[in-house]
Every structure is written in structure tokens, then in C-alpha cells.
């Protein structure tokens with residue numbers, strides 16, 4: 001019954017959960033419908049590294065049985081999701097989209113994925129991403145590019161970037177291969193792909209979601225979060241992912257609020273800050289317009305709009321591209337061919353030869369570039385000039401936000417400087433690629449909750465996202481402002497199916 | 001102790017020594033993982049996902065390891081830094097799964113402290129203070145095994161992630177003997193505190209030995225660091241060999257190179273460990289997986305309250321309150337185990353005789369040091385393995401104290417106790433070893449001894465008074481040692497007029 005299947009894959013997290021709970025359809029039917037979409041799109045979009053249809057069915061059967069037995073159902077009961085292949089999943093290959101971890105099958109489950117399974121979600125598969133989450137276009141995966149389901153309205157068939165690093169997640173959610181997916185965000189890796197594909201995604205406050213079992217990129221920045229079609233779905237899924245974890249020393253030991261229950265688009269009494277430093281010369285006209293539109297919507301929702309200043313904004317990008325590679329250069333040292341993953345041992349070689357050969361073969365160019373940058377900025381004689389200085393600037397960027405939040409409750413800004421670009425368009429120039437993170441890295445450096453919601457389509461017919469940044473621990477404020485935009489944007493566009 | 005000098009062709013040289021001691025923290029689990037730490041387990045039997053640095057694994061500090069390091073810091077009178085931080089020391093090696101060691105470079109847990117060492121065997125009160133620069137905590141690495149396969153090396157990660165305290169001294173030592181005394185004293189303190197078992201053979205304590213030489217009064221010379229020396233004897237040998245080597249080198253027109261060296265005990269020499277080409281840039285930076293370590297007053301107070309009486313304080317108390325000789329006090333406090341044993345013996349002895357401890361302390365100390373130590377030594381046993389308990393020792397000493405047996409009979413009883421495991425009272429009863437205080441019986445024996453040795457009696461009376469001891473001996477021998485020595489003396493004097 002293709003009609004039914006198609007109808008089911010149009011549903012989001014809340015609708016599926018409610019339908020399953022009411023018995024309008026079974027969890028197995030939902031899983032089968034999404035499994036079919038995953039299979040049909042795999043060749044064209046390459047969103048998954050490993051589809052796991054049997055896992056989705058298995059979880060769905062448990063939910064259906066629980067419902068039949070009258071047992072209470074979890075927050076995500078019957079919702080099949082995509083899992084970014086940065087989360088360790090027991091018995092299922094976990095690669096971080098790298099050759100060096102190809103074939104690595106952990107005997108453990110990440111805290112966040114375990115929480116989702118415990119809440120009744122099932123796994124449709126492991127989603128493609130930029131290798132070790134390093135990239136803004138999903139062009140650095142060892143397992144090939146992810147192709148965005150979106151196309152420009154110019155009649156051309158240029159393959160577009162789904163954003164990165166959570167490009168498999170964004171492509172899969174927008175193409176209706178899954179109702180929601182996990183992402184991770186180090187400098188914008190949830191928000192930018194969400195913006196590129198017309199979906200919602202939130203990076204919570206640093207420490208809300210446990211990092212245990214997530215392949216590390218930059219420990220002081222990495223945060224997991226949900227990517228879904230709307231704000232409510234994000235609130236539900238984030239509630240299932242978050243929570244204190246004694247296995248992560250940086251985990252927040254705070255109760256998890258019921259974000260879904262407290263959702264409200266009424267912003268009366270709230271102040272929205274507009275950072276003047278984000279108005280950059282040569283800003284894409286579309287992007288500037290959608291920002292103006294967003295300001296108007298939030299006013300309409302009852303908020304007062306105030307101009308704020310985040311004076312160190314222009315230093316955020318260079319600061320990020322020192323700190324993140326520094327941490328990555330150390331975090332990735334464990335991939336050495338000794339205990340797991342790829343080992344390349346030249347005949348007659350010694351330990352050093354094994355390291356060199358394994359890492360040369362196992363890491364892609366972008367990963368190597370960042371390891372080199374990170375190693376350089378930490379080396380003797382350069383450490384103070386780069387790393388120490390970057391840490392100082394990071395503190396100042398944080399202080400900018402602290403000061404700004406004395407004048408406003410949330411901050412509104414664009415998510416990315418442009419709509420999706422074509423694959424290959426920026427991959428030759430790493431610096432141009434890094435510029436894509438200009439609006440997203442400040443909140444990452446400050447550890448603040450930030451989300452991207454769809455604001456509309458630009459001139460090329462591609463989605464644009466608006467970013468809301470909140471105070472530490474105030475995911476609620478961020479979600480509520482997102483909801484106010486969502487209700488006014490009435491974003492219903494979706495990629496036309498060409499695959 | 002006279003000043004230690006090396007005689008060179010150009011005159012006398014002084015050696016300057018600093019020690020970096022790695023002490024394994026006593027704790028059931030590792031510094032950042034829940035894995036066990038017991039010595040001698042099968043290779044890779046005590047390895048958690050964290051220790052093997054599996055993807056996505058994170059370190060979480062083990063409070064007990066921090067507590068032990070804090071207590072150690074307090075025991076050397078060092079300030080505890082309520083805010084400290086862990087740093088990563090990055091380098092590649094097959095025994096280092098993470099590719100970095102988590103350590104504390106910039107902000108160590110413990111600040112400057114000191115240790116008082118004895119520098120004169122004959123006078124324990126003659127001491128010198130050795131400064132301690134810092135103590136920080138860090139992870140141990142695993143171990144490579146090169147003898148398992150003809151062409152490959154195997155890795156054992158049991159030690160990987162085990163907590164170490166690195167205790168860094170100031171360059172305050174000036175002789176092999178001082179280095180040895182410092183290491184022994186440090187080990188004693190660690191054992192008292194219970195933060196490290198000090199077992200150097202098992203690798204629980206290793207020293208990096210920094211040595212330089214100079215003409216007395218000159219600036220410090222260039223130092224070398226000899227790594228991982230695992231006994232007091234070897235540390236002293238390293239100082240001696242390395243100082244000699246440096247003096248010879250300089251006097252031959254060479255220059256000491258700052259480098260790391262290894263000690264080869266078989267050849268009794270040090271040699272360079274790695275060349276300059278391999279010099280590491282460790283790229284230290286704060287570990288982003290860990291928040292700064294912040295300690296509150298309640299925790300510090302608990303650490304302080306849990307500290308035992310430390311060796312220096314105990315030694316002084318033994319001398320001043322118990323009246324022991326400095327030598328005995330020093331022997332009894334040198335090891336925490338010995339002091340514990342002595343204190344149990346002392347309380348049992350005092351209780352049995354219903355006397356204050358100070359009245360029986362000398363008796364107990366002398367017996368423990370000259371009798372029991374000797375007997376255990378013959379059996380090849382440590383005090384902890386003594387078949388005789390402190391309570392049984394107290395029982396024996398009480399029999400001497402109340403005159404039931406003499407000191408020499410006590411030696412026999414001790415031997416029988418060791419043989420049979422029976423208590424002193426039982427043995428004395430069974431073997432009829434009670435000492436005779438029967439005047440008549442003793443007088444009868446004395447009469448016989450004097451009659452049998454009439455010639456010696458003559459000599460004695462002629463002025464050879466030293467023969468008195470001979471008569472005592474003969475009398476005691478005839479009575480199988482069971483006569484009350486005091487009465488024998490008295491009655492003999494009377495009989496000899």
C-alpha cells in the first residue's frame with residue numbers, strides 16, 4: 001500500500017509516537033515504510049553508511065508488543081531514527097566515516113544512542129558524515145559524498161551539499177528517509193546542515209548530552225543533538241537524549257526539563273538580541289532578507305527586539321580553527337593500528353613505520369590537515385602564540401555572550417552565510433569552506449544552546465535557516481523562539497523526489 | 001657523616017642529586033577507569049574500554065586516587081592546591097593506547113613540601129631536610145613484551161591507566177647515601193600513609209635519578225636523568241657511577257650533555273637512552289575531557305583526619321614518652337608495620353603486667369629487636385609473617401616481668417613457641433621451666449658447686465674476684481637455668497663469705 005507508506009513517512013516524531021500509541025498504525029508499519037525509503041534512496045543520496053532495517057523492525061516489534069501488553073511506552077516509542085555514524089553502536093560497524101575505523105564494530109553502545117533505544121526508538125541505519133565530523137559539506141567521508149535531496153530551481157541538476165558534518169542526517173530527514181536523526185555539533189555541524197536542507201536541529205548546552213561513546217573530534221566543543229522536521233520533534237528527541245552521565249566528566253549534573261511540555265510560541269516579555277557584528281559586508285542578500293523577516297516574526301510573537309554587540313565575533317573563526325584541531329590532533333592519536341581498526345604494516349617495518357603507514361592510509365586529506373594544524377599550534381615555541389592565545393579569546397567570546405544576555409533573552413542570527421552550495425564548489429579551498437561556520441562557531445566556543453529552524457526558500461529555491469542562540473541551560477528559550485518562527489514561516493517546502 | 005667528595009685529577013668534586021619518584025597509588029581501581037589494579041594478573045585481564053582507548057571512551061577521575069595523593073602531600077607538609085588541572089602529554093608508543101598520558105604539568109595537585117632524612121646511622125637526631133618541589137598525579141603506561149614471538153612485540157595493558165604520584169625532589173642531595181636515605185624515608189612515609197606499598201621489586205616505586213657534578217661552591221652543572229631505577233641500592237649505584245662518569249668526562253675536556261640515560265645493573269653503568277633526533281615535543285595542553293579538579297574544605301579535612309601518626313612524630317614520642325633509646329626508636333619506627341606490631345606488643349605486655357606502657361616499653365623494645373627479630377631472621381621471615389602474635393609476645397614478657405622465668409629461659413621458651421605454636425604459659429608449665437626461688441634447693445646446689453671446685457674457691461678468696469661469674473654459671477647450669485638469677489647471686493656471695 002504505497003499510499004499508506006508515503007503517508008507514514010510524511011509524519012514526524014510526535015505524530016508517529018501518537019499514532020502508534022493510539023493504534024492508528026503499528027510501529028512495524030512505520031519502520032517498514034522508512035526502511036523502504038532508505039533502500040530506495042541509498043544509491044542516489046548515499047545518506048547511510050550502513051542501513052540496519054532489521055534493527056528498526058526489531059525495535060518496532062518490541063514497541064508493538066509492549067503496547068499490546070498494555071505496558072507504558074517511551075518518549076520515542078515506535079519512532080525509527082537515523083544514527084550519525086559517530087555514535088558507537090554495539091554490534092554495528094562504527095566508522096566516523098573513516099577508512100581507519102572501517103570494519104570497527106564496538107562492543108559498547110554510546111550513552112545517547114542507548115537512551116534513545118531505551119525510549120523506544122529504533123535504528124534505521126548509521127548515517128554518513130564528514131570524516132571524524134570534520135567538514136561543512138559532507139565531502140570528506142571515506143564512504144563518498146552525501147548528495148542533498150534539494151536541487152536549485154534553475155533547472156540544472158547540480159548535486160548540492162547537504163551541509164556538514166551531519167550531512168547524512170540532514171539529507172535523510174529532509175528526504176523523508178527518517179523522521180529524525182542524531183547529529184553532533186562541534187562548530188555548527190547540526191545547525192548548518194539543518195539550514196541547508198530545510199529542517200530543524202538543536203545543539204544543546206555543552207554537557208547536556210553525554211559524549212560517552214561518541215567518537216571524539218574536539219572534546220571541549222562536541223555536543224550531540226537532534227535533527228528533525230520541526231521544533232516539537234527536536235524538543236521530544238532532545239529530552240530522550242539528554243541527561244547526566246557519570247561516565248562523562250564534563251556532563252551536566254542537572255535535571256532535564258520537560259521541554260516539550262513547556263513549548264510556547266508566545267514571546268511576550270522576551271527580548272531578542274540582534275548582534276550587529278553578524279551583519280557582515282557582502283552578506284548574501286537572501287540571507288539578509290530572511291534575517292529581517294525573522295526579526296519581524298519574533299516581534300509579531302510579542303518579543304522586543306534589541307541591538308546587541310558581540311565585539312569579538314570576528315575572532316571566533318580563527319579561535320575555533322586553533323582549538324578544535326589542537327584537541328583533534330590529540331584525540332585522534334589513538335588510531336594507531338595497534339589495537340583496532342586499520343593496520344598497515346610495511347614488510348620489514350618497525351613501530352614507527354606502522355604508525356606512518358596506517359595513519360597515511362587511514363585518514364583522509366581534511367583530517368590530516370587538521371591533525372597537522374593541531375600539532376603545529378600545540379608544539380613548543382608556538383603553544384603560547386596560538387593555543388594559549390586562542391583560549392584567552394575563547395574566554396572573551398564567552399564574556400561577550402554573558403554581557404549580551406544581560407540585555408536580551410535569546411539572540412537571532414542567520415545559521416549560515418548562504419544557502420547550500422554545490423558539491424565541489426568550495427572543496428578546493430579549505431579557508432572558504434571554513435568560512436561557512438562563521439555564524440555557528442561563536443555559540444560552540446561559548447558552549448551555548450543554539451538551534452536552526454527553516455525560515456523559507458531563497459531565490460534559488462533552496463532552504464535558508466535562522467539561528468537562535470540562548471543562555472546556558474536555556475534550551476527552552478531557544479526552542480520557544482524557534483517555535484514562534486516556525487509557526488510564522490509556515491515552511492512546508494520539501495525536496496521534490498528525483499531519486 | 002663526612003662530606004662526600006669525588007677525587008678528580010683537578011681536585012675535589014661535589015655531586016648534586018634530585019629524584020623524581022613515581023609511586024603507584026594504592027587504590028582498587030585505576031586513575032580514570034573502573035578497572036582493577038592488582039599486581040600479577042594475566043596480561044590484559046585488567047583493562048577497561050577506557051584503558052584500551054577505544055573510540056569515544058572518556059576518563060573520569062577516581063576520587064580515591066586523588067585522596068591518596070592529597071594525604072601524601074599533607075604528610076610531607078605541602079600545601080594542597082584546591083584547584084588543579086590535568087594535562088595531556090602527547091607521544092606515540094605502543095604501550096600508550098590514547099597516544100597521550102594524562103598528567104599534571106601546569107597546575108599540580110600538591111605544592112612544595114619537605115622530608116627530613118637521617119644522615120648519621122649512629123645518631124638518628126642528626127638530620128637534613130630535603131625539599132620536595134611538587135607532587136602530581138598521572139597515568140601509568142602499559143608494558144611491551146618482547147619475548148612472546150620471534151618477530152612481534154606484544155602489549156599488556158594491565159598497568160595502563162594505573163594512578164601514579166610523581167614526587168619531585170629539589171636538587172638537595174649531595175651523596176649516594178643521602179639519595180638512599182631520602183628514598184627509604186619517602187617509602188616509609190608512603191607506607192605509613194598507606195598511599196603506596198613502596199614495593200620496588202613489583203615496580204610500585206621507581207625513581208628517575210638526576211645527577212650533576214660541580215666544584216664545591218660553583219653553580220649547578222648540566223644534569224643527566226637516569227630513568228626508572230627500581231631499588232635503593234641501584235639509585236645509590238647510579239649516583240656513584242654517573243658522578244664518576246661526569247667528572248672523568250669533564251676532566252678529559254668533554255661536556256656533560258643533558259640527556260636521559262638507563263642503568264644497566266649487570267654492568268653497573270649508565271648509558272644514553274635515546275638520541276637527540278628522537279627528542280619529543282610532548283605538546284602538553286589541558287585535557288579537554290576533564291574539568292579542573294576542585295577540592296572543598298570538607299574533603300581536605302577528611303584527608304587530614306585520616307592521616308596516621310607519621311614516623312618522625314612517632315620516633316620522638318617513643319624517645320620522649322616511652323624512654324626508648326634513639327636507636328631503638330629509630331628501628332621501631334622505620335617501617336609502619338614494625339611500629340604497629342610494637343605498639344600491639346607494648347599494649348599486651350603492659351596489660352598483662354598491669355603496668356603503665358612506659359614502664360615496660362624498654363623491655364618490649366629490647367625483646368622485639370634483639371630476640372624476635374633474630375629468631376625471625378633465622379627462619380627467613382618478615383615481622384608480618386611472624387608465627388608469634390604481639391599478644392603471645394606480651395604473655396612471654398609478662399612471665400619474665402613477674403620472675404616466673406629468667407631472661408635466658410625466655411629465649412628457650414621463644415624457640416619452643418616458634419616450634420610448636422603454643423603459648424608461653426603452656427610451655428613453661430609443660431616443660432617445667434619455672435624458675436626456682438627455693439633457697440634450700442639453690443643452697444644445696446651451690447654447696448656442691450663449691451665443693452667440686454675447691455681450687456677455684458681458693459683462688460677467688462685469694463683475690464681473683466672475676467671467678468664469681470664462673471660460680472654463677474656453674475650453679476645456673478646445674479639447675480638447667482631455672483634458678484632465680486638474683487637469688488643465686490645473693491646466696492653465692494653469702495656462701496663465699
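The values are calculated or read from the model by the stated rules, or taken from the named source; none is laboratory data. This structure is a prediction, so every number in the text was calculated from the model and none was measured. Using ideal geometry, Cβ is built from the backbone for each residue, glycine included, and neighbour counts are taken over all protein chains shown.
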Query raised in the report: Considering only residues of region A:351-391 that are under 18 Å from residue A:131 (Cβ atoms) and not in a helix (DSSP H, G or I), which is nearest to the other protein chains (Cβ to nearest Cβ)?
Result: A:363
Requested in this report: Within region B:249-259, identify whether any single residue is away from chain A (no Cβ under 14 Å), surrounded by fewer than 19 Cβ atoms within 10 Å (Cβ to Cβ), under 30 Å from residue A:219 (Cβ atoms) and in contact (Cβ under 8 Å) with a residue 40 or more places away in the chain, and answer yes or no.
Outcome: no
Query - Some residue of region B:140-149 being under 17 Å from residue B:85 (Cβ atoms) and within 27 Å of the chain's Cα centre (by Cα) - result: no
Query - Wholly enclosed helices (runs of 4 or more DSSP H) of region B:358-469 bearing at least 1 residues exposed (fewer than 14 other Cβ atoms within 10 Å of the Cβ) - result: B:373-379, B:407-420, B:424-431, B:439-452, B:454-461
Query raised in the report: Can you name the condition, by its number, that residue A:208 falls short on among (1) assigned to a loop (DSSP other than H, G, I, E, B); (2) within 14 Å of chain B (Cβ to nearest Cβ); (3) touching a strand residue (DSSP E or B) at 6+ places or on another chain (Cβ under 8 Å)?
Result: (2)
**Report entry** So residue A:120, is it in contact with a helix residue (DSSP H, G or I) (Cβ under 7 Å, 6 or more places away or on another chain), more than 11 Å from chain B (Cβ to nearest Cβ) and either surrounded by fewer than 19 Cβ atoms within 10 Å (Cβ to Cβ) or not in a loop (DSSP other than H, G, I, E, B) (or both)
**Finding:** no
Report summary line: By residue number, the members of region A:305-346 that are more than 10 Å from chain B (Cβ to nearest Cβ), touching a helix residue (DSSP H, G or I) at 6+ places or on another chain (Cβ under 9 Å) and not in a helix (DSSP H, G or I) are A:305, A:307, A:308, A:309, A:310, A:311, A:312, A:342, A:343, A:344, A:346
Query raised in the report: Do we find that residue A:86 is touching a strand residue (DSSP E or B) at 6+ places or on another chain (Cβ under 9 Å) and away from every other protein chain (no Cβ under 14 Å) in this structure?
Result: no
Report task. At least 2 residues that are in contact (Cβ under 8 Å) with a residue 40 or more places away in the chain and more than 29 Å from residue B:90 (Cα to Cα) in each: list the strands (runs of 3 or more DSSP E) lying fully within region B:116-200 that qualify. Result -> B:127-139
Query raised in the report: Of the residues that sit in region B:192-245 and are surrounded by fewer than 20 Cβ atoms within 10 Å (Cβ to Cβ) and in contact with a helix residue (DSSP H, G or I) (Cβ under 6 Å, 6 or more places away or on another chain), which one is farthest from residue B:40 (Cα to Cα)?
Result: B:240
Query raised in the report: Pick from region A:267-285 the residues that are closer than 19 Å to residue A:488 by Cβ, in contact (Cβ under 8 Å) with a residue 60 or more places away in the chain and assigned to a loop (DSSP other than H, G, I, E, B): which of them is nearest to the other protein chains (Cβ to nearest Cβ)?
Result: A:270
Query raised in the report: Quick one: which of A:163, A:155 is on the phi > 0 side of the Ramachandran plot and modelled with pLDDT under 95?
Result: A:155
Query raised in the report: So which of B:126, B:158 ends up being touching a strand residue (DSSP E or B) at 6+ places or on another chain (Cβ under 8 Å), in the same structural domain as residue B:62 (by TED's automatic domain parsing) and surrounded by 19 or more Cβ atoms within 10 Å (Cβ to Cβ)?
Result: B:158
Report summary line: Within region A:377-413, the residues that are under 29 Å from residue A:303 (Cβ atoms) and in contact with a strand residue (DSSP E or B) (Cβ under 6 Å, 6 or more places away or on another chain) are A:404, A:407, A:408, A:409, A:410, A:411, A:412, A:413
Report task. Please work out if residue A:78 is away from chain B (no Cβ under 14 Å), buried (at least 16 other Cβ atoms within 10 Å of the Cβ) and not in a loop (DSSP other than H, G, I, E, B). Result -> no
Query raised in the report: Do you know which residues across region A:366-404 are touching a helix residue (DSSP H, G or I) at 6+ places or on another chain (Cβ under 6 Å) and free of Cβ contacts under 8 Å to residues at least 12 places away in the same chain?
Result: none
Report task. Filter region A:100-117 down to residues that are more than 14 Å from chain B (Cβ to nearest Cβ) and closer than 20 Å to residue A:165 by Cβ, then give me how many there are. Result -> 1
Query - Residues within region A:224-255 that are touching a residue at least 40 places away in the same chain (Cβ under 8 Å) and within 14 Å of chain B (Cβ to nearest Cβ), tallied - result: 7
